[in-house]
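Remarks on the structure that follows.
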Amino acid sequence: MIVKRLLCAERVRRVPRQFSWVDHRLVRDRHIERCGAEALALYLLLVSVGDAEGLSYYSDRRVAALISLEEARVREARRRLVAAGLIAYQKPLYQVLSLEDPVPMSAPPQRANGCASVGEILRAALGGEP
């Protein structure tokens, strides 16, 4: 068994007054697996610079410089975070969203023969009606 000990006692992290603490549910609830490294770099930046409500506004050019990406890749990273439900974006405003519990996928509908169409499976996975 590994015994934990502080490696640098004078630099123990404390919860800061401003909002910039990364929620462990990002890992525990597997949100982190849905994004990719570039999107997670953007997420870390947004968590770090956001105010108490998770709001910040940085241009694509500034974000690209801060996380060493081309602007097109920043836009793709942002798209992935929005699709994963981790941020909201309306130019120029970002909002880091609270991490909600993952929505359980409903079982896809099945026909009498035990099969479902691709469309039915996708609608069920996306929370739509069969």
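None of the figures in this text is laboratory data; all of them are computed from the coordinates on show. Only a predicted model underlies this, so the values are computations on that prediction, with no experimental measurement involved. Positions of Cβ are generated from backbone atoms using ideal geometry, with glycine treated the same way; all protein chains shown enter the neighbour counts.
Quick rundown of the values:
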read-out: Selection of trypsin sites (Lys or Arg not before Pro), region 10-89, meeting DSSP coil and at most 11 other Cβ within 10 Å; value: Arg13, Arg14, Arg17, Arg30
read-out: Scaled radius of gyration (Cα, divided by 2.2 N^0.38 Å) that region 20-96 gives; value: 0.99
